[in-house]
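Trainee: Before I ask anything, let me first share the structure, which is written out below as structure tokens.
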Amino acid sequence: MFEHLRTYGRFATGLRGFLRRRMTLQDAREIVRRRLQNRPERFLRIVERGIYGNPGSPYLALLREAGCEYGDLCSMVRREGLHETLISLREAGVYVTFEEFKGRDAIVRNGRRIRTGPRAFDNPYLVRHYVSESGGSTGRATRIPHDLDHILATMPYDVLSHHALGVAGVPTALWRAVLPSCLGVHGVLRSIVHGNPVERWFTPTGSGDTRPAPRFRAATAFVVWACRLQGAPVPRPEYVPLDGAAVVARWAAERAAAAGGSLVRTSVSSALRIATAALEDGVGLEGVTFMGAGEPPTPAKVSGIERTGATYSPNYAFTEAGLVGRGCARPVDRSDVHLLEDALALVQYRQRVPGWEREVDAFCFTSLLPSAPCILLNVEVDDYGIVESRSCGCLLGEAGFGVHLRQIRSYRKLTGEGVTLVGGDVERILEEVLPARLGGHPHHFQLQEREDAEGFTRLVLVVHPQVDLTDEREVVETVYQALARAGAMEDHARAVWSQAGSIRVERSEPRWSRRGKLHPLLVDRG
């Protein structure tokens, strides 16, 4: 409780200066230009202070295990460049897998076990204005600190993106959850700085069994109250469940007609729900732009959105780093984003998908912004995709973001309705909870991620016919109950997925690999 009160105090103190800031298009261009020019120097400053100056950093142990002191690293960067240095470090064992980053697996290199704690990768120099949670891998919540300075540091991307897409200044709404998810709070705060405050904040969680824990409701209410006290026009969250998408559709259509355009920031699945509701009600969404992250914008999903006359622009982000990519205004395909190279360095490393024969070029990210929530040094995020350099001619490309990412997928994370869970706790449910409750063996249960004919992502719980079931609903309810007990973000996933009916039961034999292996999660997408 004392720590919560201290966090509230820091937020209120830092908010006054934050709300006074504004950023123009010229400001955004100049900030990005400067940061792109000195990427190697900024990397070395972060490493010097956050790793070599932090005796408890796991990266320090990895670097010293590889025989790399700070002077060696400086020489390597100046001689080989940042990209080649990161590849050399990866080959020398200086990297962290996503399971290690989340605390599920121990970090072991050359037989040496490197100790980590729940905050081992947190940026030690953050003010910690507020905290969100990221979950799924361990059975305990992963607390992610956030700094208002980091929102300011990433504001150039909003300004450039809004101008590139032609939505600067249009009426804006969110359909995003309240805390412990950080996306709603981030959205309302960011909109103030670039001069386009959010008009409506719709949230799919907030009533009945979708209500977050009291501490998160209190924290969200405090953010709204503190902003309003400073004169910022921050709306209160309005509960709109997933089956109430028509409410958001009508708002978007009405504001687009009145103002010449409107913007809704939400996940691609929620945008598809809005589009579906609009079609059912005979509402056109011409002039409406949807922008969001949280799950892959597949062709089926985006096509369903565009049938209404609306457009969709993808973002790529994850909680520990924040924004990674912004949608291209002249894309090759509907998943095309610009890598924000002044914020993160990216290298790829060949990885075998657990339990399967397939190999992918996994993304490894390294932090370049000193205000990032966590310090990343060759951290694998279990994502992969197409990486290419090209000149597209859009405003983000002209600003210097020449690297594009497309068709980004996860090979070990479940996504659906804008919610992401890492496999750890889900695997425990499949291998321990379900057999104990329903009978059978661990290899009788498998969770497969599929996209249905309408474009919605479904989680198909495959149950072997040998398992004696009297009611398939009992299987789904068992999964939801186990998620509710696992942690805050797991409970958030339960609340959203139960509303959407995301989990379906199928009586068939789970899919085995050609080498006779069974992985409890089947998230390979072709």
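Trainee: As a test, work out the antiparallel percent of DSSP beta bridges whose residues both lie in the chain, rounded to the nearest 5.
Mentor: Among the beta bridges of the chain, antiparallel pairing accounts for roughly 65 percent.
Trainee: If you place +1 on the Cβ of every Lys and Arg, -1 on the Cβ of every Asp and Glu, and leave all else neutral, what size is the dipole of the range 282-395 about its Cα centre, to the nearest 20 Debye?
Mentor: 240
Trainee: Something else now. Among all stretches of the chain without exposed trypsin sites (Lys or Arg not before Pro) (DSSP loop, at most 10 other Cβ atoms within 10 Å), which one is longest?
Mentor: Between the exposed loop sites, the longest stretch runs 116-513.
Trainee: Moving to a separate point now. Between Arg109 and residues 5 or more places away or on another chain, which pairs have amide H atoms under 5 Å apart, with H built 1.01 Å from N, and which residues are they?
Mentor: Sorted by chain and number, the residues that satisfy this are Ile114.
Trainee: Here's something else I'd like to know. With a 1.4 Å probe and every protein chain kept in, tell me what percent of the accessible surface of the range 180-230 is carbon plus sulfur.
Mentor: 56
Trainee: If each DSSP helix of 4+ residues adds -39,500 (n - 2.57) and the sum is divided by the residues in the chain, what number results at 222 nm, nearest 500 deg cm²/dmol?
Mentor: Helices in the chain give a 222 nm mean residue ellipticity of -11000 deg cm²/dmol.
Trainee: Provide the per-residue ³J(HN,Hα) series for the range 429-446, in order, calculated from phi with Karplus coefficients 6.51, -1.76, 1.60 and θ = phi - 60°, each as a whole number of Hz, with x at glycine and proline positions.
Mentor: 5, 5, 8, 10, 5, 5, x, 5, 8, 10, x, x, 10, x, 7, 8, 10, 8
Trainee: I would also like to ask the following. Label Met23 and Glu84 with points 7 Å out from Cα along Cα→Cβ: what is the distance between them in nm?
Mentor: Calculated label separation equals 3.3 nm.
Trainee: For the range 246-256, in order, what is each residue's ³J(HN,Hα) by Karplus, 6.51 cos²θ - 1.76 cosθ + 1.60 with θ = phi - 60°, in whole Hz (x at glycine and Pro)?
Mentor: 4, 4, 5, 4, 5, 4, 4, 5, 5, 6, 5
Trainee: Could you report the range 303-359's accessible area per residue, 1.4 Å probe, as an integer in Å²?
Mentor: For the range 303-359, the per-residue accessible area is 34 Å².
Trainee: Same structure, new question: Can you give the charge dipole size of the chain about its Cα centre, rounded to the nearest 20 debye, using +1 on the beta carbon of Lys and Arg and -1 on the beta carbon of Asp and Glu?
Mentor: Using only the charged Cβ atoms, the result is roughly 1340 debye.
Trainee: Now, a different point. Using +1 on the beta carbon of Lys and Arg, -1 on that of Asp and Glu, and nothing else charged, what's the dipole of the range 43-98 about the Cα centre, debye to 20?
Mentor: Dipole size: approximately 180 debye.
Trainee: Further question on the same structure: Considering only protein heavy atoms and a probe of 1.4 Å, how much of the accessible area of the range 19-99 is carbon and sulfur, as a whole percent?
Mentor: 46
Trainee: For Thr319, what accessible surface area do you get with a 1.4 Å probe? Give it in Å², rounded to 10.
Mentor: Solvent-accessible area, nearest 10 Å²: 40 Å².
Trainee: Next up: At 1.4 Å probe size, with every protein chain present, just tell me what the per residue accessible area of the range 1-100 comes to in Å².
Mentor: 53
Trainee: Can you send over the carbon and sulfur percentage of the accessible area for the range 252-339, probe radius 1.4 Å, protein chains only?
Mentor: 49
Trainee: From the phi of every residue in the range 225-233, what ³J(HN,Hα) in whole Hz does the Karplus formula 6.51 cos²θ - 1.76 cosθ + 1.60 yield, where θ is phi - 60° and glycine or proline is x?
Mentor: Residue by residue, the range 225-233 yields 4, 5, 5, 5, 4, 8, x, 7, x Hz.
Trainee: Considering only DSSP states other than H, G, I, E and B, which GluC sites (Glu not before Pro) in the range 425-479 qualify as loop sites with at most 15 other Cβ atoms within 10 Å?
Mentor: When the GluC sites (Glu not before Pro) of the range 425-479 are filtered for loop state and at most 15 Cβ neighbours within 10 Å, Glu454 remain.
Trainee: Roughly speaking, what is the stretch gain from Arg34 to Asp333, that is 0.36 nm per residue apart minus the C-alpha to C-alpha distance, in nm to one decimal?
Mentor: My answer for the length gained is 104.7 nm.
Trainee: Still on this model: Could you tell me which residue out of Met76, Gly56, Ala92 lies farthest along the dipole of the range 48-94 toward its positive end? Charges go on the beta carbon: Lys and Arg +1, Asp and Glu -1, centred on the Cα centre.
Mentor: The one lying farthest along the dipole's positive direction is Gly56.
Trainee: Could you list which residues have their amide H under 5 Å from that of Leu522, counting only those 5 or more apart in sequence or on another chain, with H placed in the peptide plane?
Mentor: Long-range HN contacts for Leu522: Leu447, Gln448, Glu449.
Trainee: Under 5 Å between amide H atoms, partner at least 5 residues away or on a different chain: which partners does Met291 have, H built in plane at 1.01 Å?
Mentor: Answer set, sorted by chain and number: Val264, Arg265, Thr266, Ser313.
Trainee: Let me ask something else about it. Which is farthest toward the positive dipole end of the chain among Gly440, Cys364, Cys374, measuring Cα position about the Cα centre, with Cβ charges +1 (Lys, Arg) and -1 (Asp, Glu)?
Mentor: Working it through, the farthest residue towards the positive pole turns out to be Cys374.
Trainee: While we're here: What number comes out for accessible area per residue over the range 153-200 if the probe is 1.4 Å? Units Å², please.
Mentor: 20
The values are calculated or read from the model by the stated rules, or taken from the named source; none is laboratory data. Keep in mind that this is a model prediction, so the values were computed, not measured. Every residue, glycine among them, receives a Cβ derived from its backbone with ideal geometry; neighbour counts consider all protein chains shown. Side chains are part of the model used for accessible areas, which takes the heavy atoms of the whole protein and leaves out ligands, DNA and RNA. Shrake-Rupley method; radii C 1.70, N 1.55, O 1.52, S 1.80 Å.
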